[in-house]
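To start, the structure under review is shown below, and the notes come after it.
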Amino acid sequence: MELNANAGWLRPLIADRLTPYLEIDAARLQRNLQLMQQKADAAGVALRPHIKTHKSVWIAEQQRKLGARGITVSKPSEGIAFILGGERDLLLAYPVVHADTLTELLAVARQHQARITFIADSTAGVAAIVDACQRQPTGDVAIAIKVDVGLHRVGIDPHSDAAVTLAKQIHEAGISFAGLVSHAGHAYGAGNAAAIADVALKEMILMRDVQQRLNTAGITPCPISVGSTPTALAAPVTEGSDEIRPGNYALLDLTAYRLGLCEPDALALSVVTRVVAVNSHYAIIDAGSKMLSSDKGPHGTNATGFGIAVDEQGNQYEVLKLSEEHGFLQYDDRAPALGSLLRIFPNHSCAVVAQSDDFVLRHPDGNAETLDIQGRGKFI
């Protein structure tokens, strides 16, 4: 299949290192970061990017230089890596149910004078955070209430009085209340930009309803923080938001492209691979599940394959199957040449970055540098 070179699929493949490796296009990355920051600034909201996508201290520094106010992390160990990397305002967007989970994070945060905001959706969760904070002297700590706006993963029922109960528990414990947090991850399954925009509107209706219930109970202020790349790209920042927390926007991927959220030219992440065998059934590459992951897209987007490979002539091949160290490319009448380089655009950039220790940052002049992925492998 011939691709339009002007669409951004075709990019130089430079044979200057061994394959496979992650490549991030420096200019496309910077443009993605700038566009989201400009959107947040125009709406008058804070941008607290989720670094689970890139897991890179260097990229987080670029986000901060452009105006990002803090970061969002997935796990305490990830938070530690970024505090050591210079971040001083973190939201841990993961439920805590065991106090010991926070011991090291709180110690490092206190040592480096970093502010940590936790989330909770149960009395047990608040109690675990309070217990952890009471075991050792802590610095600047706050708790936000997570609201389930449709993903049905973590969060209180927005139609219940749970938010009032938890907010009172937080206040009685002497910890700052940080407001409400949501993640409309189900937007990935909405299918198109218009449907995703509708998800964003419904998310804010639910969040404002919970906020009003808290205000009526005398619990103010109550800022609202929402976060997902699909809703951030498909719709204007919804009125009532104080903060947005997209993550995938920095790199983007085939899922975002298929949902109509971006053009191919915005895809900043790819995997450079080499054809190592060709037979009558498949062309085989040196990037398998240990490089590309087995992810077909977040939250039920379910692509048919594991990415799209493009050669220097613009021919396109679907990565149809994976084994651990091999990828199987489907081809019709023209197979890629044995030994040739290909560029794979993956389904889900977050999952792919999590597979590697470093990435190659490719500059417009062709020069490149290798940068560490400090958040890689942080699962606790």
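Applying 1/(1 + (r/R0)^6) with R0 = 41 Å to the Cβ-Cβ distance of Gln113 and Asp365, what FRET efficiency is obtained, to the nearest 0.05?
0.55
For region 97-169, with all protein chains present and a 1.4 Å probe, just round the carbon and sulfur fraction of the accessible area to a whole percent.
47 percent
Could you give the spread of the C-alpha atoms of region 1-137 along their three principal axes, from largest to smallest, in whole angstroms?
Here the spans come out as 60, 41, 30 Å, largest first.
Fully extended, how many nm does the chain gain between Ala15 and Arg258 (0.36 nm per residue separation, minus their Cα-Cα distance)?
Roughly 84.5 nm would be gained on extension.
Normalising by the residue count of region 1-118, find the relative contact order in percent from Cα pairs under 8 Å and 6+ residues apart.
Computed value for region 1-118: 18 percent relative contact order.
Restricting attention to region 300-380, which GluC sites (Glu not before Pro) occupy a DSSP loop and are surrounded by at most 11 other Cβ atoms within 10 Å?
When the GluC sites (Glu not before Pro) of region 300-380 are filtered for loop state and at most 11 Cβ neighbours within 10 Å, Glu324 remain.
Step through the residues of region 374-379 one at a time and calculate ³J(HN,Hα) from phi using the Karplus curve (6.51 cos²θ - 1.76 cosθ + 1.60, θ = phi - 60°), rounding each to whole Hz and writing x for Gly and Pro.
5, x, 5, x, 8, 10
Using helices alone, I'd like the mean residue ellipticity at 222 nm for the chain: each DSSP H run of four-plus residues gives -39500 (n - 2.57), total over residue count, nearest 500.
-9000 deg cm²/dmol
With each pseudo-label sitting 7 Å past Cα toward Cβ, what's the Asn192-Gln134 distance in nm, one decimal?
So the label points at Asn192 and Gln134 sit 5.5 nm apart.
What relative contact order, as a whole-number percentage, does the chain give when Cα pairs under 8 Å and 6 or more residues apart are counted?
22 percent
Can you tell me the mean projection area, over all orientations, of the convex hull of region 130-222's alpha carbons? Units nm², please.
If you wrap the Cα atoms of region 130-222 in a convex hull and average its projections, you get 6.8 nm².
For the chain, what does the accessible surface come to per residue with a 1.4 Å probe? Please give it in Å².
Dividing the accessible area of the chain by its residue count gives 42 Å².
State the dimensionless ratio Rg/Rh of region 176-285 (Rg: radius of gyration of Cα atoms; Rh: Kirkwood radius).
On the Cα set of region 176-285, Rg over Rh gives 1.20.
What would the Debye formula give as log10 I(q)/I(0) at q = 0.15, 0.24 Å⁻¹ for the alpha-carbon point model of region 50-94, no solvent?
Treating every Cα as an identical point scatterer, log10 I(q)/I(0) equals -0.28, -0.75.
Please compute the alpha carbon radius of gyration of region 234-380, then divide it by the globular-protein estimate 2.2 N^0.38 Å. Two decimals is fine.
1.13
Ignoring ligands, DNA and RNA, what percent of the accessible area of region 232-380 is carbon or sulfur (1.4 Å)?
Percent of accessible area from carbon and sulfur atoms in region 232-380: 46.
Going by alpha carbons, how many degrees (0 to 90, nearest 10) lie between the helix axis of 162-172 and the longest principal axis of the chain?
For helix 162-172, the angle is close to 60 degrees.
Listed here are the pairs Lys39/Lys146; Lys75/Lys290; Lys65/Lys202; Lys52/Lys146; Lys146/Lys321; Lys39/Lys202; which of them are more than 27 Å apart at the Cα?
The answer is Lys65/Lys202; Lys146/Lys321.
Mind ranking 185-198, 284-297 by how tightly packed they are, going by the mean number of other C-beta atoms within 10 angstrom, highest first?
The most tightly packed comes first, giving 284-297, 185-198.
Counting just the Cα atoms, what span does the chain cover along each of its three principal axes? Round to the nearest Å and put the largest first.
69, 43, 35
Where does the Debye-calculated log10 I(q)/I(0) of region 311-380 sit at q = 0.19 Å⁻¹, using only Cα point scatterers of equal weight, no solvent?
Results for region 311-380 at q = 0.19 Å⁻¹ read -1.03.
The values are calculated or read from the model by the stated rules, or taken from the named source; none is laboratory data. As the structure is a computational prediction, the values presented were derived from the model and not from experiment. Quick reminder, even Gly has a Cβ in these numbers, built from the backbone with ideal geometry, and neighbours come from all protein chains shown. We work out accessible area using only protein heavy atoms, side chains counted, and drop any ligands, DNA or RNA first. Shrake-Rupley method; radii C 1.70, N 1.55, O 1.52, S 1.80 Å.
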